[in-house]
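Structure first, then comments.
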Amino acid sequence: MHRVLQFACAFVLWAAATANAATGYMLRYASPYPPNHPFSRADQAWIQHVEQISGGRLRIKAFWGGTLVTSDSATLELEHGIADVALITPIYAHAGARLIKLQTGFYDGARTAQQQIAIYACLRRQFPVLDAELTGVHVLAVQGGELSHFMTRRRPIRDLSDLHGLRIRVPVELVPIMRNLGADPATMPMDQAYSALSKGIVDGVAAPADTLLSLHFAEVVPYFSAIEIPRGAYPARAISDRAWRKLPEDLQKLLTDSEGFWENQLNISISRAEQSGYKFGFSHGEQLVPASPALQAKFDQLYNNITRDNARSVGGAEGLAMFDATQREVAAIRAGHPPC
């Protein structure tokens, strides 16, 4: 009888363990950034959040610092199962995501990450092609951010003419503007910019102030221009379709419902990092180069004129329609109305 009871207890424990294994899911999360980066702190908050609200059914193992994915190929690597969930930057992909890249230049006037994300949500509803360009992955979060500035190594940018002849790392939407100003634009993921700056491969970078600390740019770019550079939103966190299909519907809904939480954590972390970057940079010798209202207005007009022409030439009728839709949403927000 004693052995029968032992066997019965062992069977119950085995059955419970089997049931837990059957209902539990492990996802591998991958990022090219280290765990102490502002993006990664937001990612860690999201990981804790979804694990908690799943009641332990969903577990996420994180791989930081590019151990699984790279910045410029993360979307493709995710699609092919290198990771299950990942930080993606389709705007730096070598191929594809044409309209996702293009639309990031349409947001002049959207000053906050919340506004940028809200506008992108409107565009996704109006232009299904934005989701169609990301084959093999399911978007879990969209990222906006603080406005960028020109940071340079050799000379300060006091006027737009000072950009002439400089090789500047810029996001893809700034490429036509830089060419118009006689600069040599270079597109590369942000985590590759420090090496390019320190080696003199590029003369400067267009980036938000948080990078003075988070990516150590204060060590290699002594001049910080106050010119404000518009920026847009883009899909930035995703799960592979193959991992998505393995999840039951309730966990799929949990991840979908967590999009707002992840985006909010990114906004909070980016905003805090921006303030820390300003404080660190200017307390360590960074030289602020003022920009007059006239200079800012000149840059804004140039930016919008070239971006609209680029929308037509690169995106055709759909690109131009997307530009006009984005600017309508910007105008609505600035007038105090909710987007779309």
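The values are calculated or read from the model by the stated rules, or taken from the named source; none is laboratory data. What you are looking at is a predicted structure, and each value in this text was computed from that prediction instead of being measured. When we count neighbours, we look across all protein chains shown, and the Cβ atoms used for this are built from the backbone with ideal geometry, even at glycine.
Just one of the listed residues (Gly182, Gly204) is touching a residue at least 40 places away in the same chain (Cβ under 8 Å) and outside the structural domain of Val85 (by TED's automatic domain parsing), and it is Gly204.
Considering Ala193, Ala132, which residue is closer than 25 Å to Thr75 by Cβ, free of Cβ contacts under 8 Å to residues at least 60 places away in the same chain and not assigned by TED's automatic domain parsing to the domain that holds Ala121? Selected residue: Ala193, the only one of Ala193, Ala132 that is closer than 25 Å to Thr75 by Cβ, free of Cβ contacts under 8 Å to residues at least 60 places away in the same chain and not assigned by TED's automatic domain parsing to the domain that holds Ala121.
Can you report the number of residues in the range 194-215 which are in a loop (DSSP other than H, G, I, E, B) and either crowded, with 17+ Cβ neighbours inside 10 Å or under 20 Å from the mean Cα position of the chain (by Cα) (or both)?
Final tally of qualifying residues: 6.
Going by the structure shown, is Gln275 within 29 Å of Leu213 (Cα to Cα) and exposed (fewer than 14 other Cβ atoms within 10 Å of the Cβ)? It is true that Gln275 is within 29 Å of Leu213 (Cα to Cα) and exposed (fewer than 14 other Cβ atoms within 10 Å of the Cβ).
Looking only at the range 222-256, which residues are closer than 24 Å to Pro293 by Cα and among the β-branched types (Val, Ile, Thr)? Scanning the range 222-256 gives Ile227, Ile229. Beta carbons closer than 8 Å, at least 6 apart along the sequence or on distinct chains, never pair a first residue in the range 67-82 that is within 15 Å of Leu134 (Cβ to Cβ) with a second that is of a type in the set (Lys, Arg) and surrounded by fewer than 18 Cβ atoms within 10 Å (Cβ to Cβ). Within the range 260-304, the set of residues being over 27 Å from Gln143 (Cα atoms) and among the hydroxyl-bearing types (Ser, Thr, Tyr) comprises Ser283, Ser292. If only residues of the range 171-185 that are in contact with a strand residue (DSSP E or B) (Cβ under 7 Å, 6 or more places away or on another chain) and modelled with pLDDT of 95 or more are counted, the one that is nearest to Leu87 (Cα to Cα) is Pro185.
For the structure I just gave you, tell me whether Asp191 is of a type in the set (Asp, Glu), within 20 Å of the chain's Cα centre (by Cα), in a helix (DSSP H, G or I) and over 16 Å from Gly232 (Cα atoms). So Asp191 passes the test.
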